[in-house]
Every structure is written in structure tokens, then in C-alpha cells.
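The next block holds one structure in the form of C-alpha cells; read it before the comments.
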Amino acid sequence: MRKRGLSATAERSTRLGNSKPENPLEGHEPESICPRMDDIVSGMRSLRLAGTLGWTDISLRYRGSVLGPFWMTISAAIMVASMGVIYARLFHMNLRDYLPFLSLSMALWQVGLSSLIQESCTCFIDAEASIHAMKLPFSLQAFRLLVRNAIVFAHSIVVPIGVFLIYGLFPGLISLVSLPGLALWLIDGFAACLLLGALCARFRDIAPIIGAFMQIAFYVTPIIWKPTQLSPHQSRYLVLNPFYDLLEMVRGPILGTLPPLSAVLISVSLSIIWCVVAFLFFARTRERLAFWV
């Protein structure tokens, strides 16, 4: 009786124009993360397209401008010069020692950390038109954002390079130690796009909250002030600030000092946790992203 019932179901499906009989288990298969990994792999294969889109974003942002992104360089130079003179007097520091530190810290923070984190919140929201217009891997938008910020960072780093040249400071080969730190920043930035981009697409109130949090982080992180201004007892707690650890991974070697081992271990450990959480969240929400943006 059961076989005859299944045969009748198959015949009815064929008469209705279905190419195959109904599957009573369809729609109840366990969810796999393979399609999510395929999305990231497809995005990596489309790096050339991501580079083109990132460059186009910069071109459109400064369309009609004569200097283009160099306006950011000019404004950063004016801000560093004015802040350097004022805070050097307030902190009773030598301008030759303080200005290179300040210029490098501001460039790394504004573009490398703060801007990257805040823009990752709108990574998918800003790409709403392209997401709805054509089928592209969502990770392509993350790579697009990384390319865009890398271009802006290339213009911003001109200011600390100029300051170093003015004072005749040359970090030497030790500055190459900062390259792994920059690579770690790229990985964390990509994970931030997957996690914060999807999270803020679903809950739009999170983006301004993160913006306010980054403003607070700016003042509690040694950017306009040096870690040496703290007492030995107070400086021990700096490693608990993840932004300080990430900064020292890049800033320390450029200024001629190796980052503390504790900062390296904390940065790598937190980055691993951050990337795992980002991938798991992206794997769970990827299918709904197009409906959220």
C-alpha cells in the first residue's frame, strides 16, 4: 500500500509538469557552511574587480575636485601641526620627539583603525544597489572597502613620512617588523566587514553606537599622549586595551622599538577569536543579507 501511494504521488507530480517526484525531506536538510566559504573564496578570486570598485568609489567621492584625496592629506598636515605645537607645550615634550609620534599615531588611527571599523558597519548598506542589481559574492564588498581604505591610507601616510624627513628620522630595517601587524589589520578589517556589516544591516542603531565608542577609544588609547606619560603601575593596564596592542604592532617598529610580547600575544589571540566569531555570524546571516540592506 505504501509503495502504491508513493507511485501515485510521483505520477501526479509528473502530470503537473514536475521533472522529478516530490521529496518529503526537501527543505529540512542540515545547513552547511560550505556556501559561505565559497562566497569568501569567490570574493578572493574577484580581487581585481574589488580593486576597480574601490578605485571608482574614491574617484566618485572626489569627483570635480582638483586635488582629490590630497585634501585629506592637507587637512591632516594642518591638524597634526597645530595639535603638535599645542600638546607638546601642554605635555612639556620636545617637538622633535612628539611630532613624529603624533603624526604617525593619527594616520594609523584615523584611517587604519577608526575609519575602517566605522565604515565596515555600512559595508553592505552602502553597496545596496550592486547587491540588488547582480549576484556577486558578499565578501567582494568587504574587499572593496579594504581597497578603498588602503588608497586613503596611502594619501594619509604622506604626513608622517614628511615629518620624519623634516627631522631626519629614519627607522631602518626594524620598521619591516610592522608588516605582519599591517597584515593582521587587513584580516581584522575583513572580519569586521563580515560581522559588523551584517549586524548593522539588521540593526541600524548599532552603527552610531560604534561611532560613539570609537570616539571614547580615541582618548583612552595613547594617540595624542605617550604611554611613557603613565606611571609604571598604570602602564601595565595598557595591554588590556586591544587598540593599543594593535597600534603597537605597527607603530612601535616604525618608531624604532619592538612591540611588547604581551601586545603581540593579545593581538593575535583576539584576532583569532574575532575572525571565528565573524565567520560564524556571516555564515548564519548570509542568506538574509540581501533582504536587510
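A quick yes/no check of all residues on (1) touching a residue at least 40 places away in the same chain (Cβ under 8 Å); (2) of a type in the set (S, T, Y); (3) within 16 Å of I117 (Cβ to Cβ):
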position	(1), (2), (3)
G189	yes, no, yes
R202	yes, no, no
I224	yes, no, no
T228	no, yes, no
Can you tell me which of S139, S156 is under 22 Å from A107 (Cα atoms), within 17 Å of the chain's Cα centre (by Cα) and among the hydroxyl-bearing types (S, T, Y)?
S156
Residue satisfying all of: in the stretch 253-274; surrounded by fewer than 20 Cβ atoms within 10 Å (Cβ to Cβ) and small (G, A, S); nearest to G162 (Cα to Cα) among these:
G256
Before we move on, is M79 closer than 30 Å to A207 by Cβ, touching a residue at least 24 places away in the same chain (Cβ under 8 Å) and surrounded by fewer than 21 Cβ atoms within 10 Å (Cβ to Cβ)?
yes
For the structure I just gave you, tell me whether Y98 is farther than 29 Å from L199 by Cβ, at pLDDT below 90, not in a loop (DSSP other than H, G, I, E, B) and not basic (K, R).
no
Looking at this structure, is R96 crowded, with 19+ Cβ neighbours inside 10 Å, basic (K, R) and more than 24 Å from A212 (Cβ to Cβ)?
no
Looking at the stretch 180-203, is at least one residue surrounded by fewer than 21 Cβ atoms within 10 Å (Cβ to Cβ) and outside any helix (DSSP H, G or I)?
yes
The stretch 271-293: number of residues that are polar (S, T, N, Q) and within 24 Å of A129 (Cα to Cα):
1
Log entry, pairs with first residue in the stretch 151-174 being within 16 Å of L113 (Cα to Cα), second being hydroxyl-bearing (S, T, Y) and part of a helix (DSSP H, G or I), beta carbons closer than 6 Å, six or more apart or on different chains, reads H155/T73
For the stretch 145-179, give me each residue that is part of a loop (DSSP other than H, G, I, E, B) and not hydroxyl-bearing (S, T, Y).
I157, G168, L169, F170, P171, G172
Which numbered condition A142 fails, given (1) assigned to a helix (DSSP H, G or I); (2) surrounded by fewer than 21 Cβ atoms within 10 Å (Cβ to Cβ)
(2)
State which residue is farthest from A192 (Cα to Cα) when the search covers only the stretch 40-64 and only residues that are assigned to a helix (DSSP H, G or I) and of a type in the set (K, R).
R61
Give M106, M93, M72 a once-over and let me know the one that is part of a loop (DSSP other than H, G, I, E, B), in contact (Cβ under 8 Å) with a residue 24 or more places away in the chain and more than 30 Å from R286 (Cα to Cα).
M93
Mind listing just one residue for me: the one in the stretch 111-130 that is surrounded by fewer than 20 Cβ atoms within 10 Å (Cβ to Cβ) and over 20 Å from W274 (Cα atoms) and, of those, modelled with the highest pLDDT?
I125
Since V220 meets every condition but one in (1) closer than 27 Å to V80 by Cβ; (2) free of Cβ contacts under 8 Å to residues at least 12 places away in the same chain; (3) hydrophobic (A, V, I, L, M, F, W, C); (4) surrounded by fewer than 14 Cβ atoms within 10 Å (Cβ to Cβ), which condition does it not meet?
(2)
Do the conditions hold for V277, that is, is it surrounded by fewer than 17 Cβ atoms within 10 Å (Cβ to Cβ), over 21 Å from D97 (Cα atoms), touching a residue at least 40 places away in the same chain (Cβ under 8 Å) and β-branched (V, I, T)?
yes
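The values are calculated or read from the model by the stated rules, or taken from the named source; none is laboratory data. This is a predicted model, so every value here is computed, not measured. Glycine also receives a Cβ, built like all others from the backbone with ideal geometry; neighbour counts cover every protein chain displayed.
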